[in-house]
Amino acid sequence: SKVLGMAPRLDYRLGDEALSPDWVAGMFMVCDIATFRSVGGFDDRFFLYYEDVDLCRRAWERGWAVWHEPAVTLTHHCPLHLREVPPHLRVVTRHALLLYGHKHWPGWHNFLLRQIMRLEVVWRKWSDGDLRAKASWFALSAIIAAVGKGDLKGARVRLEQLLESSSNPYGRDARAVA
């Protein structure tokens, strides 16, 4: 959203003082139940990723504030940006971004996002020789098309089909346990 000029604040300096960012990561989020319910809780349409960004945005829209408290520290031992990301997990992150954009951004931003993702699909299909990876990129193509038509359920179905057919920790069995 920074690139598209949609971020109200572009940078935060972490220090010893509390600050109020646009959003905080869900794995470190603390929220009282009344506030959580007043903003509608997490949106079930998000499979994984961006549900925290969406929740914070809706909190801001309803007059609540989001705060980062530097006196509280937690460590995420395996953040996504520090590990190799398999293709099916990249598709999960793209699905989440597409859903967030569809929900909160103007039409031309969504159109631009879908075009950028289509270019990524073309590049990855061409550059990746692994057949399982190619299946992920074909699935992403279908997800992009579904979101472009406003078919969010169809996009979610295609995502779940991909996850059920791949060896991943997010398949049907993992969701049943969670």
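Observations on the model:
- Accessible area per residue, Å², the stretch 9-140 with all protein chains present, probe 1.4 Å: 63
- All Cα pairs of the chain, percent lying beyond 29 Å: 27
- Dividing the mean sequence gap of close Cα pairs (under 8 Å, 6+ apart) by how many residues the chain holds gives a relative contact order of 19 percent.
- At least 24 Å along the helix axis (C-alpha) and Kyte average at least -1.0, DSSP helices within the chain: 87-104, 107-127, 131-148
- A simple count of charges around Val85, restricted to other residues whose Cβ falls under 15 Å of its Cβ and scoring Lys, Arg +1 and Asp, Glu -1, yields +1.
- Helix content alone sets the calculated 222 nm mean residue ellipticity of the chain: runs of n ≥ 4 DSSP H residues at -39500 (n - 2.57) each, divided across all residues, give -17000 deg cm²/dmol.
- Cα shape, the stretch 21-124, gyration tensor, a/c 1.5 rule: oblate
- Mean Cα-pair separation over length for the stretch 23-124, i.e. relative contact order, pairs under 8 Å, 6 or more apart, %: 28
- Förster-model FRET efficiency, 22 Å R0, Ser20 and Leu74, C-beta, rounded to 0.05: 0.75
- Shown here for the stretch 69-161: GluC sites (Glu not before Pro) in loop regions (DSSP other than H, G, I, E, B) with at most 13 other Cβ atoms within 10 Å, namely Glu84.
- Neighbourhood charge, 12 Å Cβ-Cβ cut-off, centred on Asn110 and excluding it, Lys, Arg +1 and Asp, Glu -1: +3
- Here the peptides 41-53, 139-151, 17-29 are ranked by packing, the mean other Cβ count within 10 Å, and the order with the highest first is 139-151, 41-53, 17-29.
- Between Val66 and any residue 5 or more places off or on another chain, the built amide H atoms are never under 5 Å apart.
The values are calculated or read from the model by the stated rules, or taken from the named source; none is laboratory data. This is a predicted model, so every value here is computed, not measured. For neighbour counting, all protein chains shown are included, and Cβ atoms are generated from backbone atoms with ideal geometry for every residue, glycine included. Accessible surface is based on the protein model in full, side chains and every heavy atom, while ligands, DNA and RNA are left aside. Shrake-Rupley method; radii C 1.70, N 1.55, O 1.52, S 1.80 Å.
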